[in-house]
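For reference, the structure is listed below as structure tokens.
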Amino acid sequence: MTPALPPLTPVICGPTAGGKSDLAVALALRAREVWGCEAEIITADAFQVYRGMDIGTAKPTIEERRGVVHHLIDVCSTGILPVRKAEEHGHDAHATKMFTVDDWLTLARKKITEIRGRGALPIVVGGTHLYIKALLDGLFDGPEPDEALRAQLTAMDPAARRAELERIDPDAAARIHPNDIRRTVRALEVFRLTGKPISAHQKQWDQPAAGSEGALSAGSGSLRDQTHSTPISRSGLPKTVQEFRLIILDWESEALNRRINARVKQMMERGLLDEVRTLAEAGALVPGTQPAEALGYKQILFHLANPAQMPLEQAVEKIKIETRRFGKNQRTWLRRLRTTPGAITIPMPDTPQADAAARIEESLRPPGVRR
């Protein structure tokens with residue numbers, strides 16, 4: 001008798017270079033063995049969505065995917081590849097603008113529904129905090145974009161725009177790079193439209209996830225029906241696709257830093273320099289846009305534009321330093337996620353991949369069900 005498809009959708013998160021993608025593939029292959037079903041992976045990475053950004057984002061290769069279907073990779077263009085016609089590519093609505101967390105959340109929810117609808121197990125994996133948090137808790141209710149106001153804010157003197165952000169929202173100013181026009185404009189837009197700093201909205205949203213033990217709502221904020229004990233959500237998603245098991249890969253800094261350094265070295269050997277050069281020559285890495293700010297791409301871009309000021313060796317070292325800093329920040333928010341009901345933490349690298357996949361598989365079974 002074929003076991004029933006587990007009701008919980010695993011969400012694997014961890015720091016950069018922490019082995020998330022390989023573990024997700026191992027879990028997918030285990031699902032075939034244990035439940036006799038296929039599993040499909042939904043990637044939660046803010047830069048793997050861009051076509052052409054492959055090496056620097058550690059996008060899993062066809063070989064590394066080991067026959068497991070991956071979603072939300074290469075769903076929009078940075079400009080290097082021609083936009084396909086709508087009938088040829090279902091995500092072209094996102095090909096001419098920067099990809100947002102709302103775009104990702106919409107597509108991720110749709111994929112979860114579709115995957116479960118065909119009797120397969122969805123596995124979410126990634127290290128983009130905002131994507132994971134949005135999936136578990138929904139997005140905070142920010143104001144709709146005001147194009148006229150955005151145009152006005154974009155046209156402001158950069159120094160004046162930055163000064164206003166620092167004055168009205170110091171917390172946001174501390175997080176947003178001075179050259180990040182898009183996020184600066186959004187922060188100012190939210191304040192002018194609501195009278196409340198965007199950081200205050202986000203703090204209100206960034207609370208421990210609600211839900212029963214072992215289950216979290218994927219809706220736009222968890223609700224609990226007055227007459228039912230089952231969590232419900234504004235999303236209207238079926239109950240079978242709104243429950244998650246959060247898996248956190250826990251790394252000590254020293255071990256993680258060694259992996260980060262090795263990954264950067266491998267990226268350079270695989271051709272990151274040529275990848276960035278090709279993208280830049282195609283006009284795909286526009287200064288101030290999200291793709292141009294990605295770790296690795298930003299530093300190589302600066303090297304290409306200023307080789308005397310930043311030799312390649314220095315650029316590579318800067319990538320390592322910035323990536324290690326990013327990994328440290330990720331580990332900080334991952335520690336906060338441990339309070340999520342039902343979350344399990346897997347110590348790395350002490351836990352072999354097969355054992356980690358087995359532990360996740362066991363955690364997905366309904367109470368009282370044994371293999």
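Values quoted throughout were computed directly from the atomic coordinates according to the rules given, and no laboratory measurement underlies them. Everything numeric in this text was worked out from a predicted model, so none of it was measured. Don't worry about glycine lacking a Cβ; one is built from the backbone with ideal geometry, like all the others, and counts go over all protein chains shown.
Things to note:
- Neighbour-count ranking [beta-carbon atoms within 10 angstrom, fewest first] of LEU153, LEU312, LEU246: LEU312, LEU153, LEU246
- With a cut-off of 13 Å between beta carbons, the residues surrounding SER253 carry a summed charge of +4, where Lys and Arg count +1 and Asp and Glu -1.
- Among the trypsin sites (Lys or Arg not before Pro) within segment 99-141, those in coil by DSSP and having at most 15 neighbouring Cβ atoms inside 10 Å are ARG118.
- If you plug the beta carbon distance of ARG192 and THR113 into 1/(1 + (r/R0)^6) with R0 = 45 Å, you get a FRET efficiency near 0.80.
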